[in-house]
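Working notes for the structure below.
Rule-based calculations on the coordinates, nothing more; no lab input. This structure is a prediction, so every number in the text was calculated from the model and none was measured. Don't worry about glycine lacking a Cβ; one is built from the backbone with ideal geometry, like all the others, and counts go over all protein chains shown.
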Amino acid sequence: MAVKTKAKKKKIVYEIDGLQFATKPLFEFYQELKELKKQKLIKSFALPTIQEQKAKSKYGAKKCEIDGNVFDSIMEGRFYVYLRQEKEKGNVKKIELQPKFVLQEGFKKNGKTIRAINYISDFLVTYKDDRVVVYDVKGRETADFKLKKKLFDYKYRDLTLICVQYLARTKQWVDIHAKKKSKTKKGAKASK
């Protein structure tokens, strides 16, 4: 009787400048950052190599560093680069990293101190038309984010909070909320 055995797949490794990357998108982002550094749009960068990617984060995100700023994910670093490009074009006046917003002040109840609920977004961007937008970069909206967004929208009615995601196949940034609405509309049309 013959026994089937699964041959281990040989992992593809992408190498450049003596560094090894496990995925093609990470390798391509490295090339993109290298070109932006050559153009002097950014000063420095570091992406996680295969050896550094072994540590797992809560959502599988890999930290990266651009211009001395450490970002919680490659996607967040990519959005920073996008904003820098928009600033270079004159579309953005100011980029603030990790702005903090108090969603509910702390208080005392029955002798206990209840700490404030704070929200730290990824970016606060002022556009050339003086419009201010708060951005959070996510692969998907979490339940925690949805709750904080509701509290944010209630307290900061003059600000817009947008959760963005990068679509690699179209190389575009999309508002996750708008993406969901368009899917819902398509589904509603199909069911009629």
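Quick one: which of Lys62/Lys100; Lys93/Lys150; Lys11/Lys34; Lys100/Lys148; Lys63/Lys148 span more than 19 angstrom between C-alpha atoms? Could you put the intermediate results ahead of the total?
Details: Lys62/Lys100 22 Å; Lys93/Lys150 27 Å; Lys11/Lys34 25 Å; Lys100/Lys148 12 Å; Lys63/Lys148 23 Å.
Going by Cα-Cα distance, Lys62/Lys100; Lys93/Lys150; Lys11/Lys34; Lys63/Lys148 fall outside the 19 Å limit.
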Next item on the list: Collect residues whose amide H, placed 1.01 Å from N in the peptide plane, falls under 5 Å from the amide H of Val164; neighbours closer than 5 in sequence don't count.
Entry: Asp136, Val137, Lys138, Ile176
Check: Packing-wise, with mean Cβ within 10 Å as the measure, how do 39-46, 167-174, 110-117, 64-71 rank, highest first?
Finding: 64-71, 39-46, 167-174, 110-117
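For Cα pairs less than 8 Å apart in space and 6+ apart in sequence, what is the mean separation divided by the residue count of the range 27-169, i.e. the relative contact order in percent? Don't skip to the answer; put the middle values down first.
On the way: 193 pairs, mean separation 21.6, N = 143.
Averaging sequence separation for qualifying contacts and normalising by length gives 15 percent for the range 27-169.
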Note to self: Could you derive backbone 3J(HN,Hα) for the range 101-115 from the dihedral phi with the Karplus parameters 6.51, -1.76 and 1.60 (θ = phi - 60°), listing whole Hz in sequence and x where the residue is Gly or Pro?
What the structure shows: 10, 8, 8, 8, 5, x, 7, 10, 8, 6, x, 9, 8, 9, 5
Margin query: What is the ratio of the Cα radius of gyration of the range 90-136 to 2.2 N^0.38 Å, with N the residue count, to two decimals?
Written below: 1.64
Check: Between Thr49 and Ala168, what is the spin-label point distance in nm, taking each point 7 Å from the Cα along the Cα→C-beta axis?
Finding: 2.1 nm
Note to self: Using amide H atoms built in the peptide plane, which far-off residues or other-chain residues are under 5 Å from Ser73 H to H?
What the structure shows: Cys64
Check: At a Förster radius of 45 Å, what calculated FRET efficiency corresponds to the Cβ-Cβ distance of Lys37 and Val133, to the nearest 0.05?
Finding: 0.95
Margin query: Can you give me the long-range amide H partners of Phe45? Hydrogens built in the peptide plane at 1.01 Å from N, cutoff under 5 Å, separation of 5 or more residues or another chain.
Written below: Asp67
Check: So for the range 79-181, what are the equivalent ellipsoid semi-axes in whole Å, largest first, each being the square root of 5 times an eigenvalue of the Cα gyration tensor?
Finding: 29, 17, 11
